[in-house]
1. Using a 10 Å cut-off on Cβ atoms, rank the peptides 168-177, 229-238, 367-376, 414-423 from the highest mean neighbour count down.
2. Which of Lys226/Lys250; Lys174/Lys250; Lys226/Lys355; Lys203/Lys250 have a Cα-Cα distance over 19 Å?
3. With only Lys, Arg, Asp and Glu charged, each at its Cβ (+1 for the first two, -1 for the last two), find how big the charge dipole of the chain is about the Cα centre; round to the nearest 20 debye.
4. Under a plain spin-label model, where a point goes 7 Å from the Cα along Cα-to-Cβ, how far apart in nm are Asp451 and Tyr173?
5. State whether the stretch 345-413 is rounded, prolate or oblate according to the following rule on the C-alpha gyration tensor (a ≥ b ≥ c being the square roots of its eigenvalues): a/c under 1.5 gives rounded; otherwise a/b larger than b/c gives prolate, and the remaining case gives oblate.
6. State the percentage of accessible surface on the stretch 14-112 attributable to carbon and sulfur atoms; use a 1.4 Å probe and exclude ligands, DNA and RNA.
7. Below 12 Å, Cα to Cα, which aspartates and glutamates can Lys305 reach? Residues fewer than 8 away in the same chain don't count.
8. Enter the accessible area per residue of the chain (Å², integer; probe 1.4 Å; all protein chains in place).
Amino acid sequence: MATPQDILAWINNENIELIDLKFIDTPGIWQHLTLHKSQIDESSFTEGVAFDGSSIRGWKSINESDMAMVPDPDTAWIDPFMEHKTLSMVCSIIEPRTGQPYSRDPRSIAQKAIAFLQTTGLGDTAFFGPEAEFFIFDDVRYDQNQHEGYYHVDSNEGTWNSGRVEPGGNLGYKPRNKEGYFPVAPTDTSQDMRSEMLLTMAKCGVPIEKHHHEVATGGQCELGIKFGTLVQAADWLMTYKYVIKNVARKYGKSITFMPKPVFGDNGSGMHCHQSIWNNGQPTFAGDMYAGLSQTALWYIGGILKHAPSLLAFTNPTTNSYKRLVPGFEAPVNLAYSQGNRSASVRIPLSGTNPKAKRLEFRCPDATSNPYLAFAAMLCAGIDGIKNQIDPGSPLDVDIYELSPEELAKVPSTPGSLAEALKNLETDHAYLTLGGVFTEDFIESWISYKLDREVIPMSIRPHPYEFMLYYDC
């Protein structure tokens, strides 16, 4: 582990003049402040660097705006996208007058989730491995005003461009809907760009694994990173998004992690692998279903029981629920299985090594704030273990072969963000145990999402409504 002294020595030895401090706002976007090295000393790593928090979404009011960001030495890396040599560090937020973690800081909430796990005696470490998918677009245009509302996205790989007149001639090789998984070049046009993304992430301290094209047409891709501890994995995911967007910009491309930017093909999810360890030993390996332990099954029980409210954090946008629909490998069924990808919890094949045993929650998407999403999933799982919640029987049958009567017995994910928020309002005691989430934070989250996303979306005409109703 790096120390403040290590970082200060690095700055001096490498003659680094600029320090970039990054932190996350409530919805899940990185913010940053760049300082000259003269403004950083050992006290900065305990007392923090002061800033005005009143303009950060979902945070303080103007009359109580003083806050401080505390850099984490373990997150230091040289930012590859800045012309002048700049050291980047991720920060947690504290109240400068008390030195206590700010209750609305997502990274501090994630840290509290691990502290709560440790107090339960169930484990001391939670590992998370997110798999975030995204689209690469060549042109993005959208607007919303009083008399019009539209979006336009385009990709040179889009199957809708198979008949387009292109400079030099259209050479074809456009992946058809649902046929974008693993094609080689020339159909896969983003190989070199993805390689640069992956290798750049490694330079930023993210342990890398692989990259590939994804199922959908229109440039859907995924890069694979290794699992990490809860806060570490969230830090890496934010670096993942930062690197991918900035590398793509160098190529004249645009990245979106929106779950459903393209109609009629697979959306982008963020399957989350997770497990709990205690004293260096995995607690999810056992001799029960799919090689799981009773602890793991109870954890699954907690995830499934609280999923209708949990999705308010793991799938926190109105667009999230355009992805969670049947027919596109979407995990809409609140059940578990060792092979059924329409089940919301899957137990991956992990061989005979008990250290690899884990479960995969398939509902989340990358519009979520990873610190909040991971913390909420852990809290749900802990509640399942503590209360020995039975997850029921696994769903190992082909969901499409079930009769309507059988399918009606399988619970499904909420149909909208409004529904998930309503569930969160009535079911959040599992989140406030141990003070991980506060009532104030949950109330502010629900209010923010309703006032700024759900209601504004609901009162505007939708383009498809003109298709349906204009000639009424």
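The values are calculated or read from the model by the stated rules, or taken from the named source; none is laboratory data. It should be emphasised that the depicted structure is a prediction, and the values quoted were computed from it without experimental measurement. All Cβ positions, even for glycine, are placed from backbone atoms using ideal geometry, and neighbour counts span all protein chains on display. The accessibility values were calculated without ligands, DNA or RNA, using every heavy atom of the protein model including side chains. Shrake-Rupley method; radii C 1.70, N 1.55, O 1.52, S 1.80 Å.
1. Top to bottom by mean Cβ count within 10 Å: 367-376, 229-238, 414-423, 168-177.
2. On the way: Lys226/Lys250 25 Å; Lys174/Lys250 23 Å; Lys226/Lys355 14 Å; Lys203/Lys250 17 Å.
Over 19 Å Cα-Cα: Lys226/Lys250; Lys174/Lys250.
3. 480 debye
4. Rounded to a tenth, the inter-label distance reads 5.2 nm.
5. Judged from the Cα gyration tensor, the stretch 345-413 comes out prolate (a/c at least 1.5, a/b above b/c).
6. C and S fraction of accessible area: 46 percent.
7. The reachable aspartates and glutamates, counting only those whose Cα sits under 12 Å from Lys305, are Asp383, Asp390, Asp427.
8. Result: 46 Å² of accessible area for each residue.
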